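Novice: My questions will all concern the structure given below.
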Amino acid sequence: HAVNTSEPNETAELAQLAAALELIGKLGLVPLAEGGDLPNESIVLGRFQILSERGRGGFGIVLQAFDPVLKREVALKIPRPERLMAGQSPDHFVREAQVAARLEHPGIVRVYEAARLGPIWYIASAYCDGPTLVEWHEQQRKPLTAFIAAHLVAEVAEAVHYAHSRGVLHLDLKPENILLELSDSIDELPKPLVTDFGLSGRS
């Protein structure tokens, strides 16, 4: 199911995208086969091979995808098709990409590129397979220790301070917009990563 980016009929392209996203929702997570090969019948958006849908926000959809050119998994954020079909401007989406691309910090999800495929803008970012902070917190069987809570707040505060030093205000910082890198070692603390600068402003 490929999205045709050369066809001039944008409505048809968006309808095709919507159908592909519906199929993704039915498939759920599509694991990589042994050896890193992708399933024979994968959903394609431009050069990216879509593996699963990872989440939805008010404006965008985040997909887990594989970049066959650079041989790595990425988080691919695209606008919701219904918003594009309604004629909403992609300016908000483009601004998010421009803001996030300027930020290079170990506590902020790195943006690799932003581009357009026909009528569809996308942001390709580093992929984190860990849960959001809110998902992880709900899975804990006992309250967090003061040490772990302080560690998470300090790590996020350092990343946000870096963004502020570059003139960027997040404006939508919440547990849903913080991803966690988890280690198999019980002695290693979760590493929070700030993401989603869609509502960011400048200072």
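Novice: Full-extension gain between His92 and Leu199, please, as 0.36 nm times their residue separation minus the C-alpha to C-alpha distance.
Specialist: Working: separation 107, 0.36 × 107 = 38.52 nm, distance 0.81 nm.
This chain segment gains 37.7 nm when fully extended.
Novice: Heavy atoms only, probe 1.4 Å: what % of the accessible area of the stretch 92-183 goes to carbon and sulfur, would you let me know? Let's see the in-between values first.
Specialist: Working: 2800 of 5150 Å².
Ligands and nucleic acids excluded, carbon and sulfur reach 54 percent.
Novice: Give Lys71/Lys174; Lys77/Lys142; Lys77/Lys174 a once-over and call out the pairs whose C-alpha atoms are over 30 Å from each other. Please list the in-between numbers first.
Specialist: Working: Lys71/Lys174 32 Å; Lys77/Lys142 34 Å; Lys77/Lys174 18 Å.
The answer is Lys71/Lys174; Lys77/Lys142.
Novice: What's the FRET efficiency of Arg56 with Glu158 using the Cβ-Cβ distance as r and R₀ = 35 Å, to the nearest 0.05?
Specialist: Working: r = 29 Å, r/R0 = 0.82.
It comes to 0.75.
Novice: With a 1.4 Å probe and all protein chains kept in place, how much accessible area does Lys174 have, in Å² rounded to the nearest 10?
Specialist: Roughly 80 Å² of Lys174 is accessible to a 1.4 Å probe.
Novice: What are the residues whose amide H is under 5 Å from the amide H of Ile108, where those residues sit 5 or more places off or on another chain and H is modelled from the backbone?
Specialist: Val194
The values are calculated or read from the model by the stated rules, or taken from the named source; none is laboratory data. Quick caveat: nothing in here was measured; it's all calculated off a predicted structure. Every residue, glycine as well, gets a Cβ built from its backbone with ideal geometry; the counts of neighbours run over all protein chains shown. Heads up: the accessible areas ignore ligands, DNA and RNA and are worked out on the full protein's heavy atoms, side chains in. Shrake-Rupley method; radii C 1.70, N 1.55, O 1.52, S 1.80 Å.
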